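For reference, the structure is listed below as structure tokens.
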Amino acid sequence: MSMKTNRFIMKQHFVMALAVFVLAGWVFSGTSQAAFPEKGKTLTLVVPFSAGGSTDTAARNLAPYLEKVLGIPVEVVDKPGAGSQVGVTYALSQKPDGYTIFYANLPAPMTMWLNPDRKTVFKSKKDFTLLGIHLSDPGAIAVQYDGPYKSMKDLVDAAKANPGKLKAATTGLLSDDHFAIIDVEKTAGIKFATVHFDSNPERDTALMGGKIDASFGNAGSFYAASVNKKLRIIGLMDTKPWPKAPELPTFESQGYKLYAASVRGWYAPGGMDPEVRKVLCNALKKAVNDPEHQARMDKAGFPVGYQSCEEHEKTWDRIDAWVTPIFKEAYADSKK
């Protein structure tokens, strides 16, 4: 065999080998992208709060519709503790492969890492993969239904007449409720005696029993008691009326440009493959916008406020910009 013929044969072998390699690469790449979600796998949806709570209920309402879209089982797992830090830390310790996602309620992650006492393993937005927002529950102030306060003006006037005497409650130190109290105090030039409770039921029982004067929380948590005329919502910290109860006045309509909300979104550990994230973002969008899911959430009194992955990013940055400056004051207050 001549040298020329030998080189020709070697060249042919090289070209064939290269073609097989490229084709294998295409097949592998296509299989890799199409492999999520893989049949036989289960997606774990971690709720960092107790079973039966509002976030747990929202997750279990969503799960069957997410299963329908993804075509794999969705298991809701509750990991409560330390104001959601236990569950968030657990979920972030899992692989960013798309099979573990979790709820977090903004601004909680930010207040955790800003608090040196928390010693969080997560330190910034980069530790999270944002997947969209399910619920946006506007901040609200509630008072006794038959009490002396019928509006923000009534409450503010009473607080001005009795500096540091009116008791205003939250559901936890350095929570969004706590920040809302500080915002109202600074804007209205008043001072409350702030009382911190561990749960919504405990706080609301104290308010209905007349042990506190006002309760800072969220519209969704006050809704049932408001309908039953046990509590009165005197203001919503939102730019527009709440669709669930459009008759409720906003802060803005009463002269106070203050806005706050408990924003409940989906997350995964940071470093997720962009293609996997895209699949999850689209699946969550389809699931939450399923008409049957929307009807179930509305019946339960949940303020569905879906935001896409891109909108989620902007909302995170906006809330972070609000929380960070006010945190030092709230932290100092918590040490008194």
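Annotations
- Projected label distance in nm at THR324 and GLU311, using a 7 Å step from Cα toward the beta-carbon: 2.5
- Farthest toward positive dipole pole in segment 275-336 [+1 Lys/Arg, -1 Asp/Glu at C-beta], among THR324, VAL279, SER308: THR324
- What segment 27-164 shows is 43 Å² of accessible area per residue, with the surface traced by a 1.4 Å probe over protein heavy atoms.
- Classification of segment 90-248 by its C-alpha gyration tensor yields a prolate form. The axis ratio a/c (a ≥ b ≥ c) is 1.5 or more, and a/b outweighs b/c.
- Estimated purely from DSSP H runs of n ≥ 4, each contributing -39500 (n - 2.57), the mean residue ellipticity at 222 nm for the chain is -15000 deg cm²/dmol once divided by its residues.
- The chain: angle of helix 3-34 to the longest principal axis, Cα-based, in degrees nearest 10: 20
- Simple rule: put +1 on each Lys or Arg Cβ and -1 on each Asp or Glu Cβ in the chain, find the dipole, and look at THR250, THR129, LEU155; the Cα lying farthest toward the positive end is THR129.
- Accessible surface ranking that places the most exposed of ARG203, ARG118 first, with a 1.4 angstrom probe: ARG118, ARG203
- Gain in span if fully extended, GLU38 to LYS150, counting 0.36 nm per residue against the direct Cα distance: 34.8 nm
- When peptides 294-302, 98-106 are sorted by average Cβ neighbour count within 10 Å, with the highest value leading, the order is 98-106, 294-302.
- PHE192 - accessible surface, heavy atoms, 1.4 Å probe, Å² rounded to 10: 10
- Nearby aspartates and glutamates by direct alpha-carbon distance to LYS153 (threshold 16 angstrom, same-chain neighbours under 8 apart not counted): ASP183, GLU185, ASP213, GLU252
- For the chain, built as a Gaussian network whose Cα springs stay under 10 Å, the top-fluctuating residue of ALA142, ALA268, ALA108: ALA108
- Pairs from the table (LYS211/LYS336; LYS240/LYS314; LYS191/LYS335; LYS125/LYS328; LYS286/LYS328; LYS41/LYS314) lying more than 29 angstrom apart at Cα are LYS286/LYS328; LYS41/LYS314.
- In a simple Cβ point-charge model (Lys, Arg +1; Asp, Glu -1; nothing else charged), the chain has a dipole of about 680 debye relative to its Cα centre.
- Dimensions of segment 237-336 from C-alpha coordinates, computed as largest minus smallest value along each principal axis and given longest first, are 45, 39, 22 Å.
The values are calculated or read from the model by the stated rules, or taken from the named source; none is laboratory data. Given the structure is predicted, the values throughout are model-derived calculations rather than measurements. We place every Cβ from the backbone using ideal geometry, glycine too, and count neighbours over all the protein chains shown. Side chains included, ligands, DNA and RNA excluded: accessible areas come from the protein's heavy atoms. Shrake-Rupley method; radii C 1.70, N 1.55, O 1.52, S 1.80 Å.
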